[in-house]
1. Give me the inter-chain shielding for C:50-59: mean count of other chain Cβ atoms within 10 Å, whole number please.
2. Grab the DSSP H runs of the protein assembly as shown that are 4 residues or longer, score each as -39,500 (n - 2.57), total them, divide by all residues and round the 222 nm result to the nearest 500 deg cm²/dmol.
3. Quick check: from the Cα gyration tensor, does the range A:78-120 come out rounded (a/c under 1.5), prolate or oblate?
4. Tell me, what is the percent relative contact order of the range B:64-124, built from C-alpha pairs under 8 Å that lie six or more residues apart?
5. So for the range D:1-97, averaging the separation of alpha carbon pairs under 8 Å that are six or more residues apart and normalising by length, what relative contact order in percent results?
6. Mind checking C:10-21 for the average number of partner chain beta-carbons within 10 Å of each residue's beta-carbon?
7. From the square roots a ≥ b ≥ c of the eigenvalues of the alpha-carbon gyration tensor of the range D:47-134, which class results: rounded (a/c under 1.5), prolate (a/b over b/c), or oblate?
8. Which angle between 0 and 90 degrees, to the nearest 10, do you get for helix D:43-55 versus the longest principal axis of chain D when only C-alpha atoms count?
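The values are calculated or read from the model by the stated rules, or taken from the named source; none is laboratory data. Owing to the predicted nature of the structure, the values given are computational and were not obtained by experimental measurement. Cβ atoms come from the backbone with ideal geometry, glycine included; neighbour counts cover every protein chain shown. The area values use the complete protein model at the heavy-atom level, side chains included, leaving out ligands, DNA and RNA. Shrake-Rupley method; radii C 1.70, N 1.55, O 1.52, S 1.80 Å.
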Number of protein chains: 4
Amino acid sequence: MTETRPAHAARLSRREALLFEAGVKLGGVFHQYLGTPVSPRTAGPLARSIAAAVGLQPFVRDVRVRVDPRRGSPTGRGRFAYRYLTPEMLDVMVELVDGPVSVEARLRHRPDLRYPLMSVERVGRPRRARRTRR
Amino acid sequence: MTETRPAHAARLSRREALLFEAGVKLGGVFHQYLGTPVSPRTAGPLARSIAAAVGLQPFVRDVRVRVDPRRGSPTGRGRFAYRYLTPEMLDVMVELVDGPVSVEARLRHRPDLRYPLMSVERVGRPRRARRTRR
Amino acid sequence: MTETRPAHAARLSRREALLFEAGVKLGGVFHQYLGTPVSPRTAGPLARSIAAAVGLQPFVRDVRVRVDPRRGSPTGRGRFAYRYLTPEMLDVMVELVDGPVSVEARLRHRPDLRYPLMSVERVGRPRRARRTRR
Amino acid sequence: MTETRPAHAARLSRREALLFEAGVKLGGVFHQYLGTPVSPRTAGPLARSIAAAVGLQPFVRDVRVRVDPRRGSPTGRGRFAYRYLTPEMLDVMVELVDGPVSVEARLRHRPDLRYPLMSVERVGRPRRARRTRR
């Protein structure tokens, strides 16, 4: 830790600061990648590059990204037979850890809510050490 | 409140859930708008459209956006004499409120850290009611 | 014109160079703004800020942007009752002029093609001078 | 070719239509990815995912993407020691082919112009068949 000043002017517990950071990560993924051209063949590389980018950010221990283009609307034909990334295609799980505290959050389209929900799935102790380097 | 199921699988206090939501908003702004062409003349409309977009999102009571293109690198000449939005130009303050709890957070480039810092500025009771409709 | 070297290594007529530039503008709009939160109330400010940004770019004489959120899928309820900008909502017309040559191009979702089509609508002499400053 | 109506209302030669399409591709890359977290370790996967996305688009035969994070400004320290993608880091070459016509275009930051220049490098016959599948 090279940082000497706390990041926040408000007094926050580690747990609270991690919750804020988890929101930053998911909000960022949602707004960075929508509109990227994607097909079943490129969904894997796209998911890996999203995971790699999120994994660079502070406190991130684990990140899992799935991109499923088939969840989008029907494609056009011929040269138009591919899709652009839409929220329904995305499923992103991120775990952030700071010392003894772990926060897991998820971005996933919820058809019942007609909304790309970002939610906190778990707050607790870290799962066993595992550093995703996808 | 039309929602019947809680958004989070984890048990969170209102304060904790708002901290997560505040991160979502700032992470989203950062990753949505970078690269937008901007000049001193268009900085105002751009700032207002960012504020309007953030203001639509859940729990947002107030949002203030400043875009200062002069904080970017020198521009080119002639037809190249404009800039693209970079993190140094952005200063975004957002207040989220849920019942008696208020969270204020800010995105601002910190030259001393060489980093676009997102931080929680204040957690407490809401300031007097004010609904930004910029 | 302060530029002394031609922009292109290939030999291009003005008409050809403008066609390239028109593509740059429409491709940029498509990939910059998708995912922006939008509602009927904020569609106007968003459209104006897109038009202002495009209007800064080289050769652009006129730009008209319409954002129609009602063309998106149904919204969620309560706090989820807003949308994110999708291609179906966008209709962008841009005119570029270089001396005696004018190119008009358009980005518009085509339901028959299930595709956000970018197309060249007209190449010819400039329409009467008019500099959009939206 | 499953398309039955021409894409453009204006009468365009193949060469002209390809020039427009080349602009669409480069404008799109510029505005989609800026702000993505990137480090020397993730620059390769990011470049490959950009190339894969561009390669899905109509008429694209070849695409080469380099991302060089070291061209960005100095990073912060500790947990802030990574960068966000900026125009200086990008070098994108794309070749589009339609029948006997090939257009090669490039996006590259030009320090002498202080500008991320998109330019047409070559128009002519296609180079030998080669379909990039990065």
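1. 6
2. Mean residue ellipticity at 222 nm (helix-derived): -8000 deg cm²/dmol.
3. oblate
4. Over the range B:64-124, the number comes to 26 percent.
5. 32 percent
6. 6
7. Oblate is the answer for the range D:47-134, as a/c is 1.5 or above yet b/c matches or exceeds a/b.
8. For D:43-55 against chain D, the angle is about 20 degrees.
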